1. Among (1) part of a loop (DSSP other than H, G, I, E, B); (2) surrounded by fewer than 24 Cβ atoms within 10 Å (Cβ to Cβ), which single condition is B:E289 missing?
2. Of the conditions (1) of a type outside the set (D, E); (2) more than 28 Å from A:V273 (Cβ to Cβ); (3) out of contact with any Asp or Glu (no Cβ under 7 Å at 6 or more places or on another chain), A:A98 clears all except one; give me its number.
3. Would you pick out the residues in region B:56-91 that are part of a loop (DSSP other than H, G, I, E, B) and either touching a strand residue (DSSP E or B) at 6+ places or on another chain (Cβ under 9 Å) or among the hydrophobic types (A, V, I, L, M, F, W, C) (or both)?
4. Here is a list: B:F103, B:F96. Which entry is within 7 Å of chain A (Cβ to nearest Cβ), at negative phi and either touching a residue at least 60 places away in the same chain (Cβ under 8 Å) or of a type in the set (F, W, Y) (or both)?
5. It is to be established whether one or more residues within region B:38-55 are more than 18 Å from B:D208 (Cα to Cα), in contact with a strand residue (DSSP E or B) (Cβ under 9 Å, 6 or more places away or on another chain), free of Cβ contacts under 8 Å to residues at least 60 places away in the same chain and more than 7 Å from chain A (Cβ to nearest Cβ).
6. Which of (1) surrounded by 24 or more Cβ atoms within 10 Å (Cβ to Cβ); (2) outside the structural domain of B:I160 (by TED's automatic domain parsing) does B:G171 not meet, given it meets every other one?
7. Quick one: is A:G239 crowded, with 21+ Cβ neighbours inside 10 Å and on the phi > 0 side of the Ramachandran plot?
8. Which is more than 18 Å from A:V81 (Cα to Cα), crowded, with 24+ Cβ neighbours inside 10 Å and either of a type in the set (D, E, K, R) or within 7 Å of chain A (Cβ to nearest Cβ) (or both), of B:R2, B:R27, B:R20?
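The values are calculated or read from the model by the stated rules, or taken from the named source; none is laboratory data. Being a predicted model, the structure only gives us computed values, none of them experimental. Note that each Cβ is placed from the backbone with ideal geometry, even for glycine, and that neighbours are counted across all protein chains shown.
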Protein chains: 2
Amino acid sequence: MREVYVIGVGMTPFGKHPERSLRDLGREACLAALRDAGLGPAGIEGGYCGNALGPALQGETGIGQSVLWEVGVRGVPVVNVENACASGSTALHEGFKAVAGGFSDTALVVGVEKSVMPKGTMLNVGAAELEVQLGDVFPGTFALMAQQHMARYGTTREQIARVAVKNSAHGALNPYAQRRKALTLPEVLGSPMIADPLTLYSCCPNSDGAAAVVLATGERARRAGARAIRVAGSALTTGTYDARRDLTFWPSEIAAARQAYAQAGLGPGDVGVVEVHDAFTICEIVHCESLGLCAAGAGGRLIEEGATALGGRVPVNPSGGLLARGHPVGASGVAQAVEIAWQLRGQAGDRQVQGARVGLAQIMGGSQQGDARACTVHILVRD
Amino acid sequence: MREVYVIGVGMTPFGKHPERSLRDLGREACLAALRDAGLGPAGIEGGYCGNALGPALQGETGIGQSVLWEVGVRGVPVVNVENACASGSTALHEGFKAVAGGFSDTALVVGVEKSVMPKGTMLNVGAAELEVQLGDVFPGTFALMAQQHMARYGTTREQIARVAVKNSAHGALNPYAQRRKALTLPEVLGSPMIADPLTLYSCCPNSDGAAAVVLATGERARRAGARAIRVAGSALTTGTYDARRDLTFWPSEIAAARQAYAQAGLGPGDVGVVEVHDAFTICEIVHCESLGLCAAGAGGRLIEEGATALGGRVPVNPSGGLLARGHPVGASGVAQAVEIAWQLRGQAGDRQVQGARVGLAQIMGGSQQGDARACTVHILVRD
């Protein structure tokens, strides 16, 4: 298996882009990533596109082909990948396999989504599930997770809300973020209740945007010089619908983390910067535990102590995460890799994490019943 | 790169299954393929699902995870793939890469679709394209292709219609086919005109159904014994929107065929049985030319001489093809591989092609402007 490197990254600002098409957003991110890699479109040997909602919301299929055509990539294999919120990271995983497995020397991975919808409408992820039809939609599911975490571990509403406070502060420093306002604890706790204990600012927004990454073999990376970041681990797991008594973690995430750490030959103690799937505040607390940044049940204290804030022991979501950067569903997984690459290269501006050489990105997707449906963990290393 | 084998295949009958869900159809195909492979679900190390219309028509995402959960596969990577009509074959291509590249020793590839819609509604593939909005929908595009083929090469309406006559005769022998009635030339020519020269019976139906294939390494295949079929070539290419003066072929198909033949170390003369993307009659004629079964422009004569009928030199679409077996969009690419495997093993019943050791499957997908958007060619070999 060959080593795989990130040699170029790019993204659009996340936010509301009603006037822009999927291919327009995707093109901007791809061109930025190619420019960053110092490659022209003719240098790309394969394309992977993560998108979750285009067929349903925009009536588009073959979005990867549309975007790559706009960018000038011709002829090479292009695969559109859908794994709900993990669509972008799954595209990254497939691109990784294409380069690692010897099928392409380079690959352009793009995640793109337009998920801003008219007020009052809802994303139909999991719409075919009986539980969803009965009302068990995302905020409700994650509220249950929060309630059980509070009951079992003594996690407090304030600790949970601090995730939004921290990530909004990070997002205020990120020119690519949708929410640029640092929120106070009273503002988060006092925003409208969605599903107890999750308030409005405890939930990520719907967003439009795109992110792209150029992957390459070691030889191609050497030509790109010091900016190349090695993909040391890339794991994708699947959860089940099996009934679980313990809602305070996802078995699929524990498994993905274990696989990615083993692949990289690294452990949680080596990680200096992290991006996780904070679609709701409670999620970040659970992810910190499952990724081994703290013990099970200790995620509330971890955030309260400031360990995961910029300047802390292991900054989590320096980009602002989904809560502040925004969540264009199929793009988020790629945007995480873009942020980690910027951080490891020392290019993250006001939100720079000092001295990190190992970064980790985690995201999951799919219907919320039982375990998460798809979970990815990527580990990136500056050698 | 490791050798990859098909060790199990299965499919549902194609047709109208209004009472069945995507996961129900997918499960039937997967369980049949696992049974055929002599494997339990715990023996599967990766899953790839081809589906094109589920998010738009059924409001479902993560369909591969749903299907594999129903089958009992747990934990392993599952990727949902969308490349329009080539969704299933692209899932096969990604599964091939996972096994060939050393990421999984086995993979379950499933294609599943429910595309039967109320009368008067239309598939929205390409709906975001300006040309489609202006009325350049599939039947029109392929009618233009037929008109230019007739003008340039002297291909006749009768030759084109003979594709439907042949494939309906094949479909009448296939218990999995949606259309089981052998049509006469007058019936095809006399059916309602859709887009001159394409009549109703020149167009494939909308269909529901699923097909599945179990892939494995050589070592696993040896355990499966004589029924294993080697995947000697797997190519995926991408076309463009570039304006073309010559509508009588797809450059992306020429490229995919060349790549797959080179990978297999074989040529058109070695191929004994073929499944191609006959969504419209004219397509099969064009595909026969581009795959090298005859010279450019000679596809009309090839069908007229009976060379591509059962008993002919190189039977094409012994299953009945999309025209008769039906076209559940995301499933068709996998169903082609199932048919080729059955043919090479001598298990194709009344439609058995005698003595074939090399089979080829071709399908393409995506918006119809310019070149095809995605094209796959797979070559299967009984060693």
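1. So the condition that B:E289 fails would be (1).
2. So the condition that A:A98 fails would be (2).
3. Of all residues in region B:56-91, those part of a loop (DSSP other than H, G, I, E, B) come to B:59-62, B:72-77, B:84, B:86.
Answer for region B:56-91, where residues must be part of a loop (DSSP other than H, G, I, E, B) and either touching a strand residue (DSSP E or B) at 6+ places or on another chain (Cβ under 9 Å) or among the hydrophobic types (A, V, I, L, M, F, W, C) (or both): B:T61, B:G62, B:V73, B:R74, B:G75, B:V76, B:P77, B:A84, B:A86.
4. Working: B:F96 fails: within 7 Å of chain A (Cβ to nearest Cβ).
Only one candidate passes the filter, namely B:F103.
5. First pass over region B:38-55, keeping only residues more than 18 Å from B:D208 (Cα to Cα): B:38-48.
In the following step, the residues that additionally are in contact with a strand residue (DSSP E or B) (Cβ under 9 Å, 6 or more places away or on another chain) were identified as B:38-39, B:41, B:43-48.
Restricting the remaining residues to those that are free of Cβ contacts under 8 Å to residues at least 60 places away in the same chain gives B:41.
Subsequent filtering for residues that are more than 7 Å from chain A (Cβ to nearest Cβ) retains B:41.
Taking every residue of region B:38-55 in turn, at least one turns out to be more than 18 Å from B:D208 (Cα to Cα), in contact with a strand residue (DSSP E or B) (Cβ under 9 Å, 6 or more places away or on another chain), free of Cβ contacts under 8 Å to residues at least 60 places away in the same chain and more than 7 Å from chain A (Cβ to nearest Cβ).
6. Unmet condition: (2).
7. Working: crowded, with 21+ Cβ neighbours inside 10 Å: yes; on the phi > 0 side of the Ramachandran plot: no.
Judged against the criteria, A:G239 is not a match.
8. Values: B:R2 fails: crowded, with 24+ Cβ neighbours inside 10 Å; B:R20 fails: crowded, with 24+ Cβ neighbours inside 10 Å.
Just one listed residue meets the conditions, B:R27.
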